[in-house]
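Each remark here refers to the structure printed beneath this line.
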Amino acid sequence: MKGLILSGGHGVRLRPITYSQQKQLIPIANKPILFYCIEDLINAGVQDIGIVVGPNKEQVMNTVLSFKWDANIEFFCQDAPRGLAHAVKISEEFLKDEKFIMYLGDNLLKGGINGFVRDFVDAKVESSLLLTRVEDPQHYGVALVDEQRKVILQLLEKPKKPPSNLSIVGIYGLTPSIFEAIDNIKPSWRGEFEITDALHWLIEKGYSIRYDLVEGWWKDTGKPEDLLEANRLILDGICSENKGCIENSRINGRIVIGDNTVIEEHSTIAGPTIIGDNCTISNAYVGPFTSIGNNCRIIDTEVENSIVLDGSDIVHGGKIIESLIGKDVKIRKNNSLPKGKKLVIGDNSEIEL
């Protein structure tokens with residue numbers, strides 16, 4: 001069985017961060033979101049993985065290829081955001097005549113997909129979808145199901161009046177019949193070829209599409225608040241590991257500290273928190289639920305419940321909470337008194353507070 005990860009799109013809801021980097025590469029607990037998807041597929045036994053890329057394709061390819069994976073990885077370029085079904089179609093030659101798993105590259109799922117993949121392999125169905133219950137189904141692809149037979153009766157993409165609160169998670173088990181379905185659908189009102197339309201075509205033709213429900217948590221990391229929540233969820237499961245140096249400082253809870261990182265000058269680190277390599281934390285308070293990337297400096301600053309990407313330098317930054325701070329950002333104190341601040345700052349920015 002092969003795997004297909006979709007890592008395109010412009011990430012409009014995550015701007016300004018996504019002006020300079022692909023959304024699937026934003027780190028959660030200091031690991032790119034896309035890497036969690038690749039690991040899930042490999043852990044489920046998938047050895048051949050295709051990744052569909054779009055904007056910032058070189059950035060995605062270079063990041064993925066910088067790591068040695070226990071799988072063969074190929075890349076396919078989607079020239080514009082033409083929909084999930086279009087992304088599947090351009091990968092047809094790679095996928096060929098066998099079942100495959102499609103995984104949206106901005107999804108995070110607790111516990112992996114082993115059970116889902118195993119059930120799909122054994123089931124005699126044309127497709128299988130992971131579903132979860134949501135409070136605002138009008139913002140998602142929605143499924144109407146027959147709970148007794150555990151099959152899907154109808155699929156709708158972001159309906160104004162949802163028939164249920166069961167949302168499509170973004171992990172699909174598909175067979176070659178999906179290509180015939182894609183050939184028989186038209187672009188939606190959004191101008192895209194929707195995978196939900198292709199799957200509904202299969203339903204109308206009498207094919208069986210089963211579903212499973214997510215047992216743990218699932219996050220679609222499309223907005224800053226989603227990224228921060230995903231970061232909290234991942235950090236909540238970390239185990240302590242210290243490769244750095246702690247001088248005259250306090251460590252409370254589960255903390256991961258990278259190589260050559262120094263915690264000094266009466267700093268306090270509250271877990272769960274992860275701090276990358278080659279960082280300096282001085283006279284600062286960091287955490288809980290905070291991820292600090294590599295090569296960062298946090299000096300005379302409080303940072304809580306935030307994600308700080310590589311190379312950022314925060315000095316006299318006051319109290320920073322619930323923030324997403326891009327790469328190589330410089331934050332300095334101006335003349336105002338320190339106050340709590342919520343920030344979303346793009347790469348290579350420089351601001352005064």
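The values are calculated or read from the model by the stated rules, or taken from the named source; none is laboratory data. Because the structure is predicted, anything quoted here is derived from the model rather than measured. Ideal geometry is used to build each Cβ from the backbone, glycine not excepted, and the neighbour counts take in all protein chains shown.
What are the residues in region 5-47 that are charged (D, E, K, R), within 26 Å of Ala80 (Cβ to Cβ) and more than 11 Å from the chain's Cα centre (by Cα), if any? Give the derivation first.
So in region 5-47, the residues charged (D, E, K, R) come out as 13, 15, 23, 31, 39-40.
Next cut, within 26 Å of Ala80 (Cβ to Cβ) only: 13, 15, 23.
If the condition is that a residue be charged (D, E, K, R), within 26 Å of Ala80 (Cβ to Cβ) and more than 11 Å from the chain's Cα centre (by Cα), then Arg13, Arg15 are the ones that fit.
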* **Lone qualifier among Val151, Val169, Val117 - being at pLDDT below 85, aliphatic (A, V, I, L, M) and within 24 Å of Trp217 (Cα to Cα)** => Val151
* Return the residue satisfying two criteria in turn: it lies in region 112-124 and is surrounded by fewer than 22 Cβ atoms within 10 Å (Cβ to Cβ) and out of contact with any helix residue (DSSP H, G or I) (no Cβ under 9 Å at 6 or more places or on another chain), and of such residues it is nearest to Ala181 (Cα to Cα). => Lys124
* Selected residue [in a strand (DSSP E or B), closer than 21 Å to Leu25 by Cα and of a type in the set (Val, Ile, Thr)] from Val303, Val256 -> Val256
* Could we say that Asp70 is assigned to a loop (DSSP other than H, G, I, E, B), touching a residue at least 60 places away in the same chain (Cβ under 8 Å) and more than 16 Å from the chain's Cα centre (by Cα) here? -> no
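Among the residues of region 233-252, is any closer than 30 Å to Gly11 by Cβ and of a type in the set (Lys, Arg)?
Within region 233-252 (the criterion being closer than 30 Å to Gly11 by Cβ and of a type in the set (Lys, Arg)), the answer is no, since none of the residues qualifies.
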* Asked: Mind checking which residues of region 304-332 are more than 17 Å from Lys342 (Cβ to Cβ) and acidic (Asp, Glu)?
  -> Asp310, Asp313, Asp328
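Output yes when any residue across region 56-79 is more than 21 Å from Tyr172 (Cα to Cα), touching a helix residue (DSSP H, G or I) at 6+ places or on another chain (Cβ under 9 Å) and exposed (fewer than 14 other Cβ atoms within 10 Å of the Cβ), and no when none is.
Filtering region 56-79 down to residues more than 21 Å from Tyr172 (Cα to Cα) leaves 56-70, 79.
If we keep only those that are touching a helix residue (DSSP H, G or I) at 6+ places or on another chain (Cβ under 9 Å) too, we end up with 56, 59-60, 63-64, 67, 69-70.
Still in the running and exposed (fewer than 14 other Cβ atoms within 10 Å of the Cβ): 67, 70.
Looking through region 56-79, at least one residue is more than 21 Å from Tyr172 (Cα to Cα), touching a helix residue (DSSP H, G or I) at 6+ places or on another chain (Cβ under 9 Å) and exposed (fewer than 14 other Cβ atoms within 10 Å of the Cβ).
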* Asked: Among the residues of region 257-288, which ones are surrounded by fewer than 22 Cβ atoms within 10 Å (Cβ to Cβ) and hydrophobic (A, V, I, L, M, F, W, C)?
  -> Val262, Ala270
* **Top-ranked residue of region 36-57 - restricted to ones that are out of contact with any strand residue (DSSP E or B) (no Cβ under 8 Å at 6 or more places or on another chain) and within 12 Å of Ser7 (Cα to Cα), ranked as modelled with the highest pLDDT** => Asn56
* Asked: Does Ser164 satisfy being in contact (Cβ under 8 Å) with a residue 40 or more places away in the chain, assigned by TED's automatic domain parsing to the domain that holds Val145 and small (Gly, Ala, Ser)?
  -> no
* Hits in region 259-285 - residues which are over 28 Å from the mean Cα position of the chain (by Cα) and either part of a strand (DSSP E or B) or of a type in the set (Asp, Glu) (or both) -> Val262, Ile263, Glu264, Glu265, Thr268, Ser282
* Yes or no: Asn248 surrounded by fewer than 17 Cβ atoms within 10 Å (Cβ to Cβ) and of a type outside the set (A, V, I, L, M, F, W, C)? -> yes
* Checking Gly3 against (1) surrounded by fewer than 22 Cβ atoms within 10 Å (Cβ to Cβ); (2) within 13 Å of Gly105 (Cβ to Cβ); (3) in contact with an Asp or Glu (Cβ under 8 Å, 6 or more places away or on another chain), which test does it fail? -> (1)
* Structure fact -> When (1) of a type in the set (Val, Ile, Thr); (2) at pLDDT 90 or above; (3) within 26 Å of Pro272 (Cβ to Cβ); (4) touching a helix residue (DSSP H, G or I) at 6+ places or on another chain (Cβ under 7 Å) are applied to Ile182, the one that fails is (3)
* To do: Restrict the check to region 91-110 and report whether at least one residue is closer than 30 Å to Val256 by Cβ and surrounded by fewer than 18 Cβ atoms within 10 Å (Cβ to Cβ).
  => yes
* Sort out which residues of region 220-242 are surrounded by 16 or more Cβ atoms within 10 Å (Cβ to Cβ), of a type outside the set (S, T, N, Q), in contact with a strand residue (DSSP E or B) (Cβ under 8 Å, 6 or more places away or on another chain) and more than 28 Å from Arg82 (Cβ to Cβ), and write them in order of number. => Leu228, Glu229, Leu233, Ile234, Leu235, Ile238
* Within region 13-28, is there a residue that is assigned to a strand (DSSP E or B) and either without any contact (Cβ under 8 Å) to a residue 40 or more places away in the chain or in contact with a Pro (Cβ under 7 Å, 6 or more places away or on another chain) (or both)? -> no
* Structure fact -> Every listed condition ((1) aliphatic (A, V, I, L, M); (2) more than 13 Å from Ala29 (Cα to Cα); (3) touching a residue at least 24 places away in the same chain (Cβ under 8 Å)) holds for Ile263 save (3)
